[in-house]
1. Step by step: first the residues of region 119-138, then only those that are hydrophobic (A, V, I, L, M, F, W, C) and open to solvent by 20 Å² or more (accessible area, probe 1.4 Å), then the one that is farthest from Val81 (Cα to Cα). Which residue is that?
2. Quickly run through region 48-58 and pick out the residues that are without any contact (Cβ under 8 Å) to a residue 40 or more places away in the chain and within 15 Å of Tyr105 (Cβ to Cβ).
3. If we scan region 91-98, do we find a residue that is open to solvent by 30 Å² or more (accessible area, probe 1.4 Å), among the charged types (D, E, K, R) and at positive phi?
4. Out of region 177-204, which residues are closer than 24 Å to Pro139 by Cα, surrounded by fewer than 16 Cβ atoms within 10 Å (Cβ to Cβ) and without any contact (Cβ under 8 Å) to a residue 40 or more places away in the chain?
5. With the condition being closer than 23 Å to His163 by Cβ and touching a strand residue (DSSP E or B) at 6+ places or on another chain (Cβ under 8 Å), I'd like the helices (runs of 4 or more DSSP H) fully within region 65-128 carrying at least 2 qualifying residues.
6. When residues of region 156-170 are filtered for being aromatic (Phe, Trp, Tyr) and more than 16 Å from the chain's Cα centre (by Cα), how many remain?
7. Find the residue count for region 36-70, including only residues that are touching a Lys or Arg at 6+ places or on another chain (Cβ under 8 Å), more than 13 Å from Tyr155 (Cβ to Cβ) and either open to solvent by 30 Å² or more (accessible area, probe 1.4 Å) or not small (Gly, Ala, Ser) (or both).
8. Yes or no: Val143 under 30 Å from Pro55 (Cβ atoms), in a helix (DSSP H, G or I), open to solvent by 30 Å² or more (accessible area, probe 1.4 Å) and in contact with a helix residue (DSSP H, G or I) (Cβ under 8 Å, 6 or more places away or on another chain)?
Amino acid sequence: MTEKRPFVVAEGGSGAGKTTAIEGIKQNLPHWKFLREPGGTEFGNLMRDAVQQRPDLEIHPMAAFMAYNASRANLVNLEVVPVLTGITEAQGVFLDRYWFTSYAYQGSEKVSKAVILEISRVVTGGLMPDLVLHYDLAPELAVFRKKDCADIDRYDMKELEFHARVRDSYLELSVQYPDIWKVIDASKPKEEVLIDSLLALKERGLIK
């Protein structure tokens, strides 16, 4: 039987610098498959655009959560599991966001966190990552960083209090899953954030 290949997730609030860190990590994991949520498949990208890039649409938080789960089910079954089980040749999966994002974001929109946990477990078949890199940043600084960016979506435009709830929800997860969760101080310069990210991967034996 093929040994399960590693699975790493990056998480963080808007403007935390997660995407920049991932670009640096890619250079150190050249044989891994890098994917993003929501998205990663053509169907998932359609869900992403509908929920995040169409501010003209009125979307209830539960509807957003279910759309993300439809995308997630497709991604896990068609892209993630084949790598982890050795069906495809990549050495591991690095996923930009997972169901933890739903806990933080839709949970901050008053979708029941208990419901999020249960549906996420069903949709993913209980698949958990070996490591979560959580890029943590004070919401005031995160909003300041994001304001001049071109890639603003529905959630980036929300009020500061929302982003504070998102951060609190991520910190809740860090307590719930201490064995896999690594909080990275995203207020540091991007070069130091990358160093901290690579160190976390090295500590888990994922890179040399």
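The values are calculated or read from the model by the stated rules, or taken from the named source; none is laboratory data. Just so we're clear, the structure is a prediction, and the values are computed from it rather than from any experiment. With ideal geometry, Cβ positions are generated from the backbone for all residues, glycine too; neighbour counts draw on all protein chains shown. Keep in mind that these areas ignore ligands, DNA and RNA; they rest on the heavy atoms of the full protein, side chains included. Shrake-Rupley method; radii C 1.70, N 1.55, O 1.52, S 1.80 Å.
1. Ala138
2. Once the filter is applied, which keeps residues that are without any contact (Cβ under 8 Å) to a residue 40 or more places away in the chain and within 15 Å of Tyr105 (Cβ to Cβ), region 48-58 yields only Arg48.
3. So far as region 91-98 goes, yes, one or more of its residues are open to solvent by 30 Å² or more (accessible area, probe 1.4 Å), among the charged types (D, E, K, R) and at positive phi.
4. Across region 177-204, the qualifying residues are Pro178, Lys188, Pro189, Glu191, Glu192, Ile195.
5. Result: 99-105.
6. 1
7. The total comes to 2.
8. For Val143, the condition - under 30 Å from Pro55 (Cβ atoms), in a helix (DSSP H, G or I), open to solvent by 30 Å² or more (accessible area, probe 1.4 Å) and in contact with a helix residue (DSSP H, G or I) (Cβ under 8 Å, 6 or more places away or on another chain) - is met.
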